[in-house]
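The structure under discussion appears below in the form of structure tokens.
The values are calculated or read from the model by the stated rules, or taken from the named source; none is laboratory data. Predicted model only: the values in this text are computed from it and were never measured. Cβ coordinates were reconstructed from backbone atoms using ideal geometry, including for glycine residues, and neighbour counts include every protein chain displayed.
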Amino acid sequence: MDKEQRKKLREKRTRNYFIEAACKIIEEKGLENLSVRKVADLAGYHFSTLYSYFHDINDVKLHAALKFFDDIYKYIQRQIKGQTFDNQLEKYIYIRKTVAYWSLEHADAYQLINFENLGKDLEKIYKNFFKTQASELELSTFKQSIQELNLPEHRITLLHDLILSLYYTYFRTYINQRIQLDREEFINSYLDNIRELFKIFSGK
């Protein structure tokens, strides 16, 4: 390994220290407690060093979000491994169930991924990443599950958007304790609504 390679390895390692510190703060103390100084302190560096690797706190949030998104993908993969499904719809519903469980266990991380304003330039990078991994797995399974419905493309997009928007509403209502359901009841209610939406769009 030459000098330049060692330098890049050190930079990557240091960057990861900051990202891991940010994720730890978000998970343990909440998104509202994230700051440049706190991330740098936990990573073991002066706060000015952080700016050698990230533009600002939004840049740190972006990389933390990508790390969490990768965590979701790996979690889904672990959960569906060895599972058998009667059809693609049940597989899709199982994936939505898995994401729901993860979101409730990692509420601040989920809010960062889906609701935090990361700035326009950073949003472009984030959306490109979002089209891969967990999102692509979820979307491809969704499309396979609706093949029998013979829906036009705009109806497919509408159904998918409704399912995601429905969960965003469910999630925020549950987190804000405005719904009197335990976790299992909450998730099952959401999954029942997915099934109802499929019935409505299929005309059944």
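For the reader, a short list of remarks on this structure follows.
- Candidates GLN83, GLN88 - the one that is without any contact (Cβ under 8 Å) to a residue 40 or more places away in the chain and either of a type in the set (A, V, I, L, M) or within 30 Å of ILE187 (Cα to Cα) (or both): GLN83
- For the stretch 160-204, a residue qualifies if it is of a type in the set (Val, Ile, Thr), farther than 18 Å from ASP108 by Cα, free of Cβ contacts under 8 Å to residues at least 60 places away in the same chain and assigned to a helix (DSSP H, G or I), and exactly one does: ILE200.
- When TYR75, TYR53 are checked against the criterion of being under 15 Å from GLU20 (Cβ atoms) and touching a residue at least 24 places away in the same chain (Cβ under 8 Å), TYR53 stands alone in meeting it.
- All positions within the stretch 110-142 that are at pLDDT 65 or above and of a type in the set (S, T, N, Q): GLN111, ASN114, ASN117, SER135, SER140, THR141
- In summary, helices (runs of 4 or more DSSP H) completely within the stretch 13-128 and bearing 3 or more residues that are in the same structural domain as SER140 (by TED's automatic domain parsing) and surrounded by 13 or more Cβ atoms within 10 Å (Cβ to Cβ) occur at 57-80, 88-105, 107-115.
- Qualifying residue in the stretch 174-187 (condition: over 15 Å from the mean Cα position of the chain (by Cα), of a type in the set (A, V, I, L, M), modelled with pLDDT of 75 or more and within 30 Å of PHE54 (Cβ to Cβ)): yes
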